[in-house]
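See below for the structure under consideration.
The values are calculated or read from the model by the stated rules, or taken from the named source; none is laboratory data. The model shown is predicted, which means the values in this text are computed figures rather than measured ones. Neighbour counts are summed over all protein chains in view; Cβ atoms, including those assigned to glycine, are modelled from backbone coordinates with ideal geometry.
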Amino acid sequence: MIEVRNIQKSFGDKTVIHNVSAVMKAGQCNLIIGTSGSGKTVLMKCMVGLFDPDHGEVLYSGQNFTEMSPEAKTEIRKEIGMLFQGSALFDSQTVEQNVMFPLDMFTKWPHSKKLERVNEVLARVNIVDANKKYPAELSGGMKKRVALARAIVLNPKYLFCDEPNSGLDPQTSLVIDKLIQEITKEFNITTVVNTHDMNSVMEIGNYILYMYQGHKEWEGNNREIIFSKNQRLNEFIFASEFLKDAKEMRMLEETGRIPNHRNLDDTQK
Amino acid sequence: MTIFSDIGRYLLMIKGMFSRPENGRMYWKEFMHQCTEIGIGALGIVAIISVFIGAVSTLQTAYQLISPLIPLSTIAQIVRDTVILEFAPTLTCIVLAGVIGSKIASELGNMRVSEQIDALEIMGINTKAYLVLPKILAGLLMIPFLVIIAMALGIWGGRVAAISANIISGNIYDKGLHEGFKAYNVFFALAKGYTFAFIISSIPAFYGYYVKGGALEIGRSSTKAVVVSCILILFSDYILSALLL
């Protein structure tokens, strides 16, 4: 479990995170959503320690990460895996070397055991026959999956995914979402996903934190979001007519009625 | 104010490099990789420059020594001392600042911009120690070695030019090389080599490590790294000459 308490972060005179608190449980996908510039990435970087918050605390399973010594932080970081927006694979290394890198650095396993583990996680993310390829030879979706394999190769307790679907087509995005969801449940990981992909919100959002201009605007899950009356959230989530229709269809399925001005016939067309 | 802030961050980067390695074997592997990149990677250009510098020195010294009272072997002495004292350490290192410095700055800059450095930090790796320290240590090991090669090739290039242009014979050139040789000059050249090696590896590493932005900024930081390295090499060349000669 990761707990964020009253996190505040400023850059110069501009405060980008205002007293945000949240509890993110293990075994579920915790989503941070919001428009570009709402502070999602800064919040995530504060959580993993890439930024030091001005105020507030981040607790990993009750341990105060913010106040830890650099050595203790290093120990916690060994339990963290992170999937970056641009994949962040090492250009000069092959797929196999990329995934093996954390094992090389933090284990004393024999090469055969490391290779076995690498192949296991690559198979888990559906990457086959690409061990000797370089990142430049991979598609965007494959890069994300290799990066996910590298993030989980040490069996992390916490997985952070920064915009895992950015630059991917909807079908590949669904594959990545499903993988993240399955891995989260399979290994009981506390997963934090930073996204503005609505499919992800609806598919994997066990817990959703909506950020608006650096503030926590709303929190709930992917069922509650349908019925939320928060205007800013609704404007963000259901920005297009298509998504508004989808929301109403979902409400209809759940409750049998649509509580707004639209008539039923229109939504069923 | 930026210059003081930069100096402060540079010193913090140097301080941050010294921590217990997460895995000594991986650090050694990275060090050896950097030795290959810096040493072998720059050997070709160093060899070409040194041979031609030595050859040109011989031709120009012979052109200026027109007095029949000065023995011809003096040409070899002048070429030897010029190459050892100045051309091999300073000129070679200025070229290396361009070759190695831009490579280090752009490599680290690309890693920063594409979040590879963040990825290493998240894994719990001290990136200053893992990425910067091996480059500086490899520079300190390989650049003085390249300076020694440059000395030898420069003097040899001078000999080849002297013989092929019929200025002096090989025997006279060799005789001149042995006359008035001071081992201290080699020590001085190596002192400069170590100083310049630190500049060539650490300054570009600083500019690359702290780059912000995208491809344009990587290019800018790489250029800035080379320019600052060259200025510092020339400045420290003057200081060392004033102190040690």
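Looking at (1) more than 14 Å from every other protein chain (Cβ to nearest Cβ); (2) touching a Phe, Trp or Tyr at 6+ places or on another chain (Cβ under 7 Å); (3) β-branched (Val, Ile, Thr), find the lone condition where A:Ile80 falls short.
Single failed check for A:Ile80: (1).
Under 9 Å by Cβ, and 6 or more places apart or on different chains, what pairs join a residue from region B:103-131 that is farther than 22 Å from A:Asp52 by Cβ and facing another protein chain (nearest Cβ under 8 Å) with one that is in a loop (DSSP other than H, G, I, E, B) and among the hydroxyl-bearing types (Ser, Thr, Tyr)?
Correct list of pairs: B:Ser114/A:Ser87.
For region B:69-81, what are the residues that are surrounded by fewer than 21 Cβ atoms within 10 Å (Cβ to Cβ) and either in contact with a Gly (Cβ under 7 Å, 6 or more places away or on another chain) or within 30 Å of B:Ile200 (Cβ to Cβ) (or both)?
Residues of region B:69-81 that are surrounded by fewer than 21 Cβ atoms within 10 Å (Cβ to Cβ), as a first pass: B:69-74, B:77-78, B:81.
B:Ser73, B:Thr74, B:Gln77, B:Ile78, B:Asp81 - these are the residues of region B:69-81 that are surrounded by fewer than 21 Cβ atoms within 10 Å (Cβ to Cβ) and either in contact with a Gly (Cβ under 7 Å, 6 or more places away or on another chain) or within 30 Å of B:Ile200 (Cβ to Cβ) (or both).
Please state which of the following conditions A:Asn30 fails to meet, knowing it meets all the rest: (1) within 12 Å of chain B (Cβ to nearest Cβ); (2) touching a residue at least 60 places away in the same chain (Cβ under 8 Å).
Just one mismatch for A:Asn30, condition (1).
Would you mind stating whether B:Ser5 is part of a helix (DSSP H, G or I) and exposed (fewer than 15 other Cβ atoms within 10 Å of the Cβ)? Give the steps one after another, and end with the answer.
On the way: part of a helix (DSSP H, G or I): yes; exposed (fewer than 15 other Cβ atoms within 10 Å of the Cβ): yes.
Spelling it out, B:Ser5 is indeed part of a helix (DSSP H, G or I) and exposed (fewer than 15 other Cβ atoms within 10 Å of the Cβ).
Residues are listed down the side, and each one gets a yes or a no for (1) surrounded by 18 or more Cβ atoms within 10 Å (Cβ to Cβ); (2) among the β-branched types (Val, Ile, Thr); (3) touching a strand residue (DSSP E or B) at 6+ places or on another chain (Cβ under 6 Å):
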site: B:Ile45; (1), (2), (3): no, yes, no
site: B:Ile53; (1), (2), (3): yes, yes, no
site: B:Thr58; (1), (2), (3): yes, yes, no
site: B:Ser67; (1), (2), (3): no, no, no
site: B:Val83; (1), (2), (3): yes, yes, no
site: B:Ala88; (1), (2), (3): yes, no, no
site: B:Ser102; (1), (2), (3): yes, no, no
site: B:Leu137; (1), (2), (3): yes, no, no
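Report those helices (runs of 4 or more DSSP H) wholly inside region B:93-212 carrying at least 1 residues which are closer than 30 Å to B:Met13 by Cα.
On the way: elements: B:102-113, B:116-122, B:133-164, B:170-178, B:183-209.
Result: B:102-113, B:116-122, B:133-164, B:183-209.
Need a quick list: helices (runs of 4 or more DSSP H) entirely within region A:124-239 having at least 2 residues that are assigned by TED's automatic domain parsing to the domain that holds A:Asn19 and modelled with pLDDT of 90 or more.
Values: elements: A:140-152, A:170-187, A:198-204, A:224-227, A:231-237.
The helices (runs of 4 or more DSSP H) meeting that bar are A:140-152, A:170-187.
Can you tell me which residues in region B:27-43 are surrounded by 17 or more Cβ atoms within 10 Å (Cβ to Cβ) and within 11 Å of chain A (Cβ to nearest Cβ)?
B:Tyr27, B:Glu30, B:Glu37
State whether one or more residues within region A:61-77 are surrounded by 19 or more Cβ atoms within 10 Å (Cβ to Cβ), at the interface with another protein chain (Cβ under 9 Å from one of its Cβ atoms) and over 17 Å from B:Tyr130 (Cβ atoms).
Yes.
Do you know which residues across region A:80-122 are aromatic (Phe, Trp, Tyr) and in contact (Cβ under 8 Å) with a residue 12 or more places away in the chain? Can you show your working first?
At the first step, the residues of region A:80-122 found to be aromatic (Phe, Trp, Tyr) are A:84, A:90, A:101, A:106, A:109.
Scanning region A:80-122 gives A:Phe84, A:Phe90, A:Phe101, A:Phe106.
Residues in region A:33-51: is at least one over 20 Å from B:Gly124 (Cβ atoms) and within 14 Å of chain B (Cβ to nearest Cβ)?
Scanning region A:33-51 turns up at least one residue that is over 20 Å from B:Gly124 (Cβ atoms) and within 14 Å of chain B (Cβ to nearest Cβ).
Does region B:106-143 hold any residues that are small (Gly, Ala, Ser) and farther than 24 Å from A:Lys73 by Cβ, and which are they? Don't jump to the end; show me each part of the working.
So in region B:106-143, the residues small (Gly, Ala, Ser) come out as B:106, B:109, B:114, B:119, B:124, B:129, B:138-139.
Result: B:Ser106, B:Gly109, B:Ala138, B:Gly139.
Kindly list the number of the only condition in (1) in contact (Cβ under 8 Å) with a residue 12 or more places away in the chain; (2) out of contact with any Cys (no Cβ under 8 Å at 6 or more places or on another chain); (3) crowded, with 18+ Cβ neighbours inside 10 Å that fails for B:Ala97.
(2)
Any idea how many residues of region B:214-234 are of a type in the set (A, V, I, L, M) and over 16 Å from the mean Cα position of the chain (by Cα)?
Our first condition is that a residue be of a type in the set (A, V, I, L, M); within region B:214-234, this holds for B:215-216, B:218, B:225-228, B:231-234.
Applying the additional criterion that residues be over 16 Å from the mean Cα position of the chain (by Cα) yields B:215-216, B:218.
Adding up the residues that qualify gives 3.
So which of A:Gly56, A:Gly81, A:Gly49 is under 30 Å from A:His18 (Cβ atoms), surrounded by fewer than 19 Cβ atoms within 10 Å (Cβ to Cβ) and of a type outside the set (Phe, Trp, Tyr)?
Values: A:Gly81 fails: surrounded by fewer than 19 Cβ atoms within 10 Å (Cβ to Cβ); A:Gly49 fails: surrounded by fewer than 19 Cβ atoms within 10 Å (Cβ to Cβ).
Going through A:Gly56, A:Gly81, A:Gly49 in turn, just one is under 30 Å from A:His18 (Cβ atoms), surrounded by fewer than 19 Cβ atoms within 10 Å (Cβ to Cβ) and of a type outside the set (Phe, Trp, Tyr): A:Gly56.
Can you go through B:Val186, B:Val160, B:Val227 and tell me which one is within 21 Å of B:Lys103 (Cα to Cα) and either among the aliphatic types (A, V, I, L, M) or surrounded by fewer than 19 Cβ atoms within 10 Å (Cβ to Cβ) (or both)? Step through it out loud before you land on a result.
On the way: B:Val186 fails: within 21 Å of B:Lys103 (Cα to Cα); B:Val160 fails: within 21 Å of B:Lys103 (Cα to Cα).
From the options B:Val186, B:Val160, B:Val227, the qualifying one is B:Val227.
Kindly indicate whether any position in region A:76-90 is touching a strand residue (DSSP E or B) at 6+ places or on another chain (Cβ under 8 Å), within 21 Å of A:Glu217 (Cβ to Cβ) and either outside any loop (DSSP other than H, G, I, E, B) or assigned by TED's automatic domain parsing to the domain that holds A:Ile180 (or both).
No, region A:76-90 contains no residue that is touching a strand residue (DSSP E or B) at 6+ places or on another chain (Cβ under 8 Å), within 21 Å of A:Glu217 (Cβ to Cβ) and either outside any loop (DSSP other than H, G, I, E, B) or assigned by TED's automatic domain parsing to the domain that holds A:Ile180 (or both).
Hey, any hits in region A:95-114 for a residue that's within 12 Å of chain B (Cβ to nearest Cβ), of a type in the set (S, T, N, Q) and either under 30 Å from A:Thr172 (Cα atoms) or surrounded by fewer than 14 Cβ atoms within 10 Å (Cβ to Cβ) (or both)?
yes
Is it true that B:Val132 is closer than 30 Å to B:Tyr184 by Cβ and out of contact with any Leu (no Cβ under 7 Å at 6 or more places or on another chain)? It would help to see each step written out before you state the result.
Working: closer than 30 Å to B:Tyr184 by Cβ: no; out of contact with any Leu (no Cβ under 7 Å at 6 or more places or on another chain): yes.
Taking the combined requirement at face value, the residue does not satisfy it.
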